[in-house]
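A quick write-up on the structure given underneath.
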Amino acid sequence: MGAFLYGVSLQWKLDIRSKTLLITCYIVPLLFFVIMGGIFTSVMPEARYTLIQSMTVFGVTMGALIGLPPSLVEIYSSDIKKVYKANGVPLYLGLVLTNISAYIHLFLMSIILYIAAPLVFDAEIPQNPGKYFISLAIFIAVSLSIASIIGLAVKDQAKTSMFSIIVFIPSTMLSGIMFPMELLPKAFQTIGKLFPASWGYQLMTENAFQLENLLLFLLIFVFAIVVCAILLRRIDT
């Protein structure tokens with residue numbers, strides 16, 4: 001119990017001084033919302049019907065892929081790992097606590113968008129809020145699981161940022177939040193479906209759950225957990 005509380009305390013201190021979380025989970029997504037939300041609704045008035053979902057997909061994807069990996073590198077590729085071991089804190093606890101922290105931040109950011117979009121841009125509120133927030137919860141968890149792989153697999157801070165951006169750009173550009181996927185060439189549509197963002201957007205815009213989408217997310221999540229467990233074992237040796 002003492003090791004767990006120490007890990008929580010250490011993670012809290014890291015979160016407080018982390019500018020990355022503040023920028024990627026709040027400042028950039030909300031700034032993108034203010035600028036692009038105005039552009040979308042002006043150029044395409046029908047965009048207000050899915051504005052909450054599209055802005056949320058961008059914010060969650062950015063916060064997960066750009067924000068989480070550097071935090072994991074800071075833990076597992078620095079003296080913090082030695083501090084964990086010296087105090088008897090299991091190495092996996094750093095991964096778990098970092099994910100929980102990022103999850104809370106991304107969910108709060110999504111709630112801000114959910115409340116602000118109808119007030120600022122007269123965006124349409126999802127018809128089934130309960131289903132929307134369940135879909136959001138699933139999407140955040142899966143996005144963070146993919147981001148965790150990057151953070152554990154790449155040990156250099158600069159390379160981590162590079163890999164995160166390489167995954168982030170096609171995730172958002174080919175997800176359908178910028179323009180309908182039907183307008184993209186077939187090859188780009190196929191590539192877009194390789195990333196959780198496109199499936200997350202589809203899941204949050206649908207009025208009912210589609211079993212195949214839920215199974216796909218479950219498969220990705222389980223796969224990411226297995227990969228993270230393997231990477232943690234390598235880090236521990």
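Bear in mind these aren't lab numbers, they're just calculated from the coordinates by the rules spelled out. Computed from a predicted structure; not experimentally measured. Counting neighbours? That spans all protein chains shown, and the Cβs are built from the backbone with ideal geometry, glycine included.
For Ser143, Ser135, what's the fewest-to-most ordering of other Cβ within 10 Å of each Cβ?
Numbers: Ser143 28, Ser135 25.
Lowest to highest Cβ neighbour count: Ser135, Ser143.
Measure nothing but the geometry: give the 0 to 90° angle between the long axis through the Cα atoms of 157-173 and the longest principal axis through the Cα atoms of the chain, rounded to 10°.
Taking the Cα atoms of the chain, the angle to 157-173 is about 20 degrees.
State, as an integer percentage, the relative contact order of the chain based on alpha-carbon contacts under 8 Å between residues 6 or more apart.
Reported as a whole number, the value is 26 percent.
If I model a spin label as a point 7 Å beyond the Cα along the Cα-Cβ vector, how far apart are those points for Leu215 and Tyr49 in nm?
Here the answer is 2.9 nm between the modelled labels.
Under a GNM of the chain (C-alpha, springs under 10 Å), which listed residue has the highest mean-square fluctuation: Leu68, Leu31, Leu144?
The residue that fluctuates most here is Leu31.
Between Met178 and Ile100, what length in nm is gained on full extension when 0.36 nm per residue of separation is reduced by their alpha carbon distance? Show your work: numbers first, answer last.
Values: separation 78, 0.36 × 78 = 28.08 nm, distance 2.87 nm.
This chain segment gains 25.2 nm when fully extended.
Tell me, Cys228, Cys25 in order of fewest to most beta-carbon neighbours within 10 Å?
On the way: Cys228 21, Cys25 28.
The fewest-first ordering by Cβ neighbours comes to Cys228, Cys25.
Over the Cα atoms of the range 2-236, Rg to Rh with Kirkwood Rh, two decimal places?
On the way: Rg = 18.0 Å, Rh = 18.3 Å.
With Rh from the inverse mean 1/r over Cα pairs, Rg/Rh is 0.99.
With a cap of 16 neighbouring Cβ atoms within 10 Å, and only residues DSSP puts in a loop, list the chymotrypsin sites (Phe, Trp or Tyr not before Pro) found in the range 129-237.
Passing both the DSSP loop test and the Cβ count: Phe209.
Taking the Cα centre of the range 2-236 as origin, sum charge times position over the Cβ atoms of Lys and Arg (+1) and Asp and Glu (-1), and report the length of that vector in debye to the nearest 20. Don't skip to the answer; put the middle values down first.
Details: 14 positive and 11 negative charges, 162 e Å.
So the magnitude is around 780 debye.
Treat each spin label as a single point 7 Å out from the Cα along the C-beta direction, and report the Asp122 to Lys159 distance in nm.
5.2
Measuring from label point to label point, each 7 Å out along Cα→Cβ, what is the Lys131 to Thr190 span in nm?
Simple spin-label model gives 3.1 nm for this pair.
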